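Each remark here refers to the structure printed beneath this line.
The values are calculated or read from the model by the stated rules, or taken from the named source; none is laboratory data. Since we're looking at a predicted model, the values are computed, not measured. Positions of Cβ are generated from backbone atoms using ideal geometry, with glycine treated the same way; all protein chains shown enter the neighbour counts.
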């Protein structure tokens with residue numbers, strides 16, 4: 001059995017989905033199998049943000065921050081792509097995805 005550094009338990013995933021309305025809304029369009037996989041990946045991403053990046057944002061806060069950045073005409077390309085870079089770092093540098 002493979003151990004994930006940023007792994008999450010079923011209880012953590014359930015709590016994460018239960019506590020985040022925007023996550024529930026987004027997941028509602030998926031079928032059960034895909035829904036579980038997406039919920040687990042989102043939960044792992046936000047755990048990785050806390051553990052590795054020391055970023056403590058809820059999914060709703062992250063979306064609101066991104067909307068604010070995108071609406072600000074003075075924001076730089078770096079500001080606008082900050083969250084994208086975090087997702088890419090999560091995928092590229094996360095030891096859970098090696099091999």
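Loosely packed, with under 14 Cβ neighbours inside 10 Å and in contact (Cβ under 8 Å) with a residue 12 or more places away in the chain - does that describe any residue in the stretch 27-44? No: zero hits. Annotation note: of 24, 50, the sole residue that is over 19 Å from residue 90 (Cβ atoms), part of a helix (DSSP H, G or I) and free of Cβ contacts under 8 Å to residues at least 24 places away in the same chain is 24.
Taken together, 12, 18 contain a single residue that is in contact (Cβ under 8 Å) with a residue 12 or more places away in the chain and either part of a helix (DSSP H, G or I) or over 14 Å from the mean Cα position of the chain (by Cα) (or both), which is 12.
Regarding residue 18, is this residue at pLDDT 90 or above, loosely packed, with under 12 Cβ neighbours inside 10 Å, in contact with a helix residue (DSSP H, G or I) (Cβ under 9 Å, 6 or more places away or on another chain) and more than 14 Å from residue 83 (Cβ to Cβ)? For residue 18, the condition - at pLDDT 90 or above, loosely packed, with under 12 Cβ neighbours inside 10 Å, in contact with a helix residue (DSSP H, G or I) (Cβ under 9 Å, 6 or more places away or on another chain) and more than 14 Å from residue 83 (Cβ to Cβ) - is met.
For every residue, the table says whether it meets (1) under 19 Å from residue 12 (Cβ atoms); (2) under 14 Å from the mean Cα position of the chain (by Cα); (3) loosely packed, with under 11 Cβ neighbours inside 10 Å.
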| residue | (1), (2), (3) |
| --- | --- |
| 48 | yes, yes, no |
| 55 | yes, yes, no |
| 58 | yes, yes, no |
| 70 | no, no, no |
| 73 | no, no, yes |
| 78 | no, no, yes |
| 93 | no, no, no |
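With respect to (1) without any contact (Cβ under 8 Å) to a residue 24 or more places away in the chain; (2) under 23 Å from residue 9 (Cβ atoms), the lone exception for residue 65 is condition (2).
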